[in-house]
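Report on the structure given below.
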Amino acid sequence: MIVKMINNTPCKIGEEYKILIDGLNDAGEGVGRVAGMVVFVPGALPGESVVAGIRLVKKSYATGELLAVLEASPDRVAPSCRFFGHCGGCQLQHIDYQAQLRLKRVKIADAIERIARLSAPNVLPVLNGGKPWHYRNKMLLPVGGRTGETVLACYARHSHNVVDTPDCLIQDHDNNQLAAVVRDWLNKYNIPPYDEMTGKGLVRHVMGRVGGVAGDIMAALITRTKNIPHLSELIDMLQRRLPRLSSVVQIVNEYRDNRILAGQEYLLWGKKRIISSLNGFTFEISAGSFFQVNSLQTAALYLAAVDMAHLTGRESVVEVCSGVGSSSMFIARKARTLTGVEMSPRAVADARANARLNGFSNIRFIVGDMASQLFTLAAGGLRPDVLFADPPRAGLGEKTVAGIVKLAPETIIYISCNPASLARDIALFGKNYLAVEFLPVDMFPMTSHVECIVRLKICD
């Protein structure tokens, strides 16, 4: 094959190339090379020889469309969802599930070796919950189309174009039913969907939350304005078709940006919070609360994290990014005291209520900037035995890591949903802490995402 150099790159838009795929990127796209230039090919798998048509060329990489698979991977399977490849919600349905787990383990190891510069990290086999379908307890769908032909959809890959997904295979069945009801209501009463280009229309997103196995159901409507016609008819339709419905909420979001749950919240019917149960603990969840989306696997995640800490009941524990206290209960049950630090006042209010609800008296929650609060605790003489951290995708960052180092806990248990930011933070801990073991946990089957628990020990 003759490779042409176009504008100092070996790829040209519109040209077709035979490419050997040797890995997956963070988005679940196949990674290959043309004359040394990285090419991302959605739908291609490691070990495959494919033909790709180049659709985008940048200075350091190109993106290709999969045109043909010349040599297929033995891990390739037929996707179960008819929308796969169009909808951006799943990335790995074309890979056998056991192979997905192996690839996620490799993804963790690669990030740690490449970014944290640790050779041969101790990455354990992936912990999976055995339920790769219909596991999501939270649904958040944009509303698109035009009046009378409105759809509740997922965004297409790398765009804000909506793809109608009437029966999502990773969503809880009740969330799919909730979406169907709202879709029928929007079209029956000609409720105009929001248009992010013009800022006109009424309904922006629909959220569904299911409180665990056989738990309560919350429906939330995110709208541009407060006054929405036929809301009573929507509530009636939801009640008739969702027997476990316990809450209908409206969030009025007037911002013309990517924020979704920002704005004033109004209770339209039922309770302001729904009840969820995890491993014998009860939690109240509001519309804006962060709560892990895989109820069955969440308990496994927290139990594994507590086990890695080797708690005996005598330890003083600090928890960073404690959220609504869902993991706090699992930790405090095995610890002497727990101090949770969280930036969101709403989350702290929920966490305090959840601690009372479950009868804990050895937990306190502090609201404020993570790094500042950690330095304040250290200045007050607190020296925890163990510190747990479960940050968002951005990770802890330099200031929070410095605050943790100042506290000097003997053990750190870090729960991460982003291998790249995890690896960066491990590098920031530098010579202060040694990463002993990594346990990947598959919280998001059929997607490229993976959770990971890391145990770090203080260096002598």
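The residues of segment 291-310 that are buried (at least 18 other Cβ atoms within 10 Å of the Cβ), of a type outside the set (S, T, N, Q) and out of contact with any strand residue (DSSP E or B) (no Cβ under 7 Å at 6 or more places or on another chain), listed by number, are 302, 306.
For segment 298-316, what are the residues that are part of a helix (DSSP H, G or I) and polar (S, T, N, Q)? Result: 298, single match. Residue 443 passes every criterion in (1) surrounded by fewer than 19 Cβ atoms within 10 Å (Cβ to Cβ); (2) under 25 Å from residue 99 (Cα atoms); (3) of a type outside the set (Lys, Arg) apart from (1). Of the residues that make up segment 404-426, is at least one closer than 17 Å to residue 339 by Cα, part of a helix (DSSP H, G or I), basic (Lys, Arg) and in the same structural domain as residue 308 (by TED's automatic domain parsing)? Yes, the conditions are met somewhere in segment 404-426.
I'd like to check which strands (runs of 3 or more DSSP E) are fully inside segment 78-191 and have at least 3 residues that are over 20 Å from the mean Cα position of the chain (by Cα). Before the answer, list the steps.
Numbers: elements: 138-146, 149-155, 162-164.
Those strands (runs of 3 or more DSSP E) span 138-146, 149-155.
The number of residues in segment 217-240 that are assigned to a loop (DSSP other than H, G, I, E, B) and touching a residue at least 40 places away in the same chain (Cβ under 8 Å) comes to 3.
Do we find that residue 317 is at pLDDT 95 or above, crowded, with 24+ Cβ neighbours inside 10 Å and within 23 Å of residue 382 (Cα to Cα) in this structure? For residue 317, the condition - at pLDDT 95 or above, crowded, with 24+ Cβ neighbours inside 10 Å and within 23 Å of residue 382 (Cα to Cα) - is met. Test residue 339 against the criterion of being in contact with a strand residue (DSSP E or B) (Cβ under 6 Å, 6 or more places away or on another chain), outside any helix (DSSP H, G or I) and more than 28 Å from residue 234 (Cβ to Cβ), and give yes or no. Yes: the conditions hold for residue 339.
To keep it simple, each residue is scored yes or no on (1) assigned by TED's automatic domain parsing to the domain that holds residue 434; (2) touching a residue at least 40 places away in the same chain (Cβ under 8 Å); (3) farther than 29 Å from residue 34 by Cβ; (4) touching a Gly at 6+ places or on another chain (Cβ under 8 Å).
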residue: 49; (1), (2), (3), (4): no, no, no, no
residue: 55; (1), (2), (3), (4): no, yes, no, yes
residue: 60; (1), (2), (3), (4): no, no, no, no
residue: 67; (1), (2), (3), (4): no, yes, no, yes
residue: 76; (1), (2), (3), (4): no, no, no, no
residue: 80; (1), (2), (3), (4): no, yes, yes, no
residue: 112; (1), (2), (3), (4): yes, yes, no, no
residue: 124; (1), (2), (3), (4): yes, yes, yes, no
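Taken together, 286, 277 contain a single residue that is surrounded by 22 or more Cβ atoms within 10 Å (Cβ to Cβ) and within 27 Å of residue 235 (Cα to Cα), which is 286. A residue that is surrounded by 23 or more Cβ atoms within 10 Å (Cβ to Cβ), farther than 20 Å from residue 411 by Cα and not β-branched (Val, Ile, Thr) can be found somewhere in segment 357-367.
Among the residues of segment 22-46, count how many are closer than 22 Å to residue 445 by Cβ and either without any contact (Cβ under 8 Å) to a residue 24 or more places away in the chain or in contact with a strand residue (DSSP E or B) (Cβ under 8 Å, 6 or more places away or on another chain) (or both). Let's see the steps before the verdict.
Of the residues in segment 22-46, the ones closer than 22 Å to residue 445 by Cβ are 23-31, 42-46.
Pick out the ones that are also either without any contact (Cβ under 8 Å) to a residue 24 or more places away in the chain or in contact with a strand residue (DSSP E or B) (Cβ under 8 Å, 6 or more places away or on another chain) (or both) and you get 23-25, 27, 29-31, 42-46.
Looking only at that region, the number is 12.
Annotation note: of 240, 259, 204, 244, the sole residue that is buried (at least 19 other Cβ atoms within 10 Å of the Cβ), among the charged types (D, E, K, R) and assigned by TED's automatic domain parsing to the domain that holds residue 171 is 204.
Go through (1) crowded, with 23+ Cβ neighbours inside 10 Å; (2) more than 22 Å from the chain's Cα centre (by Cα); (3) farther than 21 Å from residue 377 by Cα and name the single condition residue 409 misses. All conditions are met except number (3).
Taken over segment 397-419, residues that are out of contact with any Lys or Arg (no Cβ under 9 Å at 6 or more places or on another chain) and touching a residue at least 60 places away in the same chain (Cβ under 8 Å) amount to 3. Just checking, does segment 254-272 include any residue being part of a strand (DSSP E or B), β-branched (Val, Ile, Thr) and closer than 24 Å to residue 324 by Cα? The answer is no; no qualifying residue exists. Across segment 21-37, the number of residues qualifying as surrounded by fewer than 16 Cβ atoms within 10 Å (Cβ to Cβ) and hydrophobic (A, V, I, L, M, F, W, C) comes to 2.
The values are calculated or read from the model by the stated rules, or taken from the named source; none is laboratory data. Since the structure is predicted, the reported quantities are computational estimates derived from the model, not experimental observations. Every residue, glycine as well, gets a Cβ built from its backbone with ideal geometry; the counts of neighbours run over all protein chains shown.
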